[in-house]
Amino acid sequence: MAAHPSPAAKPLSDVRADFPILRRERDGRPIAYLDSAATSQKPEAVIEAVDSYYRRSNANVHRGVYGLAQEATDLFEGARERIAAFAGGETQTTVFTRNATEAINLVAYAWGRTNVGPGDVVLITHMEHHSNIVPWQILCQERGARLRYLSVSEDGQLSLDELDGALADGHVKLVSVAHLSNVLGTINPVEEIVGRARAAGAATLVDGSQALPQLPVDVSEIDADFYVWTGHKALGPTGIGVLHGRRELLEAMPPFLGGGDMISSVGFDTSTWNDLPWKFEAGTSPIAEAVGLGAAIDYLAAIGMDAVRAHERDLTAYTLGRLEEVAGVHAFGPIDPDARGGVVSFELSGIHPHDLAEICDREHVCIRAGHHCAQPLMREMGVPATARASFHVYNTREDVDRLIAALQTAREVFAL
Amino acid sequence: MDALYRDYILDHYKNPRNFGELEPHDREWLDHNPLCGDELGVHLVVDGDGTITDLRFHGQGCAISQASASIASDELIGRKVDEIPQLSADWLIDLLGIEISPTRRKCALLSLKVMRGATSGDASWPE
């Protein structure tokens, strides 16, 4: 397969042209895509990698003796190596899943059902996405364990003292927490949380779905037992997620799904399991998606994650500042842009978020409105829903300016 | 004049009719829009003939869902309980008098869904 040219390091102002979808116009207006926390757009390099894989290199992996099958396997496993290195993980403990949700369910099923029992506590927080709540509800109901929540302060922060208090009761088996909140933008001190949990004998899972796409992340430094993320928010295709697990735990865990590729040998009554990471990859893998995600992290690496973070920080600070100009707007989450990522949730008094999103859409400004799959957090915040703008490398201050103009228009439409 | 957020829609949104709770009431239902989590409930008072003599909607929602409940409320009082499940989605959308895009359909129909629940226990979306 032809190597995909990786973009040379370049200023972020240039990257917009790399994303074909951003050339779409409506009524002469280009799209201002401000919903990257839901899913990111894809650069040409990712689209080409997937296209080229199917056109030139498609075969099933790990099986065939012919050259094409070997080429597909090399592309798939090569992507795994680069993805693992990008996140600071090891290749063998980097498991491909369908998405972050499946990665969490894998842990809840394979680790949880053998390690969590009656009277144990699974500790999560009020700022979790439903994907980091519901699998633990199911596990706790099934195993007679308790699900406890750490609270979120008015300015969107967790309290390490409250964490210590919860750990002190000695029953906590697992602490599972978002690295970066998809609603508040809060960057949680995950290294500190993991360290305190480990000292108290609890395992840890960090949901990096929002963090990995926009922060420099080194999973070996965070050192959680499990770190999960999803490809489609990191400029990659849908249908591919990643679980970085601690080797001893992954080795001790039973499989999640049974089937082909995850076995070493199959007898009539029992089977033995394949080595890591394939033990957890039953059935034909998302091969093209892994190849596409490999191209996505190559693209991000070429820009540099420090530059991506600086860009997100700049846009977030700019947005928080400009939102203050709009009467009746209240932004949620930390005030300090250093304490948060490129996600800004807000409300505008007198206009429901759905109506805001509708009026923004007329200006070709795409924002999210709703509960953002975080209904417990919405309840804690005392709102049914929020509007949310979120950014990635292709966003500009001009996109934010158009959002602010659309909010002013909404105020006029609603005669406020 | 905005084609969707017409003056009367905004008026019903800002000053919803028949809004609040009714105690005592004979029937009630609570439901939500899965898209955004908005909740809408209804309390009904029904006389011996099965006629709805009073109702109140309560909950939070967007302009479309709130105006829909408000506009429908006057049309629902005085009808027989048995009639409500026969009311179609088109009946309510015609009543609203604005064009509803597919993304806002559930906003517009939540009030009718809640009414159907309260009168028949049917929790499906009106068609």
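Values in this text are rule-based calculations from the coordinates and carry no lab data. All of these numbers come straight from a predicted model, not from anything done at the bench. All Cβ positions, even for glycine, are placed from backbone atoms using ideal geometry, and neighbour counts span all protein chains on display.
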Counted neighbours (other Cβ, 10 Å), sorted fewest up, put A:K279, B:K80, B:K106 in the order B:K80, B:K106, A:K279
Applied in sequence order to segment A:255-270, the curve 6.51 cos²θ - 1.76 cosθ + 1.60 (Karplus, θ = phi - 60°) yields integer Hz couplings, x standing for Gly and Pro, of x, 8, 10, x, x, x, 6, 9, 9, 9, 8, 10, x, 5, 10, 9
Any GluC sites (Glu not before Pro) in segment A:316-392 that lie in a DSSP loop and have at most 12 other Cβ atoms within 10 Å would be A:E324, A:E325
Amide H neighbours of A:R146 at under 5 Å, excluding residues fewer than 5 places away on the same chain, with H built from the backbone geometry, are A:G119, A:D120, A:V121, A:V122
Quick calc: nm separation of the 7 Å Cα→Cβ label points for B:D74 and A:S159 -> 5.1 nm
The ³J(HN,Hα) series, computed from each phi in segment A:348-356 with the Karplus coefficients 6.51, -1.76 and 1.60 at θ = phi - 60°, rounded to the nearest Hz and given as x for glycine or proline, is 10, 4, x, 10, 5, x, 4, 5, 4
Of segment A:368-398, those with amide N under 12 Å from the point 7 Å along the Cα→Cβ vector of A:V134 are A:373-375
So A:R397 and A:D336, fully extended at 0.36 nm per residue minus their Cα-Cα distance, gain in nm 20.1 nm
If R0 = 60 Å, then A:E412 and A:Q92, at their Cβ-Cβ distance, give a FRET efficiency to the nearest 0.05 of 0.55
With the label point 7 Å along the Cα-to-beta-carbon line of B:A123 and a cut-off under 19 Å to each amide N, the hits in segment B:48-69 are B:58-60
What the Cα atoms of chain A span along the principal axes, largest first and in whole Å, is 72, 57, 32
Per the C-alpha gyration tensor (a ≥ b ≥ c, the square roots of its eigenvalues), segment A:1-131 is rounded if a/c is under 1.5, else prolate if a/b beats b/c, else oblate; here it's oblate
Percent antiparallel among DSSP beta bridges confined to chain A, nearest 5, equals 60 percent
A:E192 and A:E77 label points (each 7 Å along its Cα→Cβ direction) are spaced in nm at 4.2 nm
Subtracting the Cα-Cα distance of A:A301 and A:D51 from 0.36 nm times their residue separation yields 87.9 nm
Here FRET efficiency (C-beta to C-beta, A:R16 to A:A59, R₀ 30 Å, nearest 0.05) is 0.25
Applied in sequence order to segment A:394-403, the curve 6.51 cos²θ - 1.76 cosθ + 1.60 (Karplus, θ = phi - 60°) yields integer Hz couplings, x standing for Gly and Pro, of 8, 7, 10, 4, 5, 4, 5, 4, 5, 4
Distance in Å, no decimals, from the C-alpha centre of segment A:114-152 to the one of segment A:17-93 is 33 Å
Subtracting the Cα-Cα distance of A:R309 and A:Q70 from 0.36 nm times their residue separation yields 82.3 nm
For segment A:80-175 the chymotrypsin sites (Phe, Trp or Tyr not before Pro) that pass both the DSSP coil test and the at-most-14 other-Cβ-within-10 Å test are none
Note to self, chain B gives a 222 nm [θ] from helices alone (DSSP H runs n ≥ 4, -39500 (n - 2.57) apiece, / all residues, nearest 500) of -11000 deg cm²/dmol
Between B:K80 and residues 5 or more places away or on another chain, the pairs with built amide H atoms under 5 Å apart involve B:I52
In a Gaussian network model of chain B with springs linking alpha carbons closer than 10 Å, the residue among B:A67, B:A108, B:A89 that fluctuates most is B:A89
Here the FRET efficiency for A:A317 versus A:D218, based on Cβ atoms and R0 = 22 Å and rounded to 0.05, is 0.35
Cα gyration tensor of segment B:7-119 diagonalised, 5x eigenvalues square-rooted, in angstrom largest first, produces semi-axes 21, 14, 13
The helix B:105-120 Cα axis meets the longest alpha-carbon principal axis of chain B at an angle in degrees, between 0 and 90 and rounded to 10, of 0 degrees
In degrees rounded to 10, the 0-90 angle between helix B:63-76 Cα long axis and the longest Cα principal axis of chain B is 40 degrees
Comparing A:A87, A:A405, A:A288 in a Gaussian network model of chain A (Cα, 10 Å), the one with the largest mean-square fluctuation is A:A405
From the Cα centre of segment A:243-289 to that of segment A:389-404, the distance in Å is 42 Å
Over 26 Å (Cα to Cα) among A:K233/B:K106; A:K42/A:K279; B:K14/B:K106; B:K14/B:K113 -> A:K233/B:K106; A:K42/A:K279
Residues meeting the amide H criterion for A:R340 (H placed from the backbone, H to H distance under 5 Å, 5 or more places apart or on another chain) are A:I187
Segment A:197-213 and segment B:64-127 have their Cα centres apart by a whole-number Å value of 46 Å
Chain A: relative contact order from alpha carbon pairs under 8 Å, six or more residues apart, as a whole percent, is 23 percent
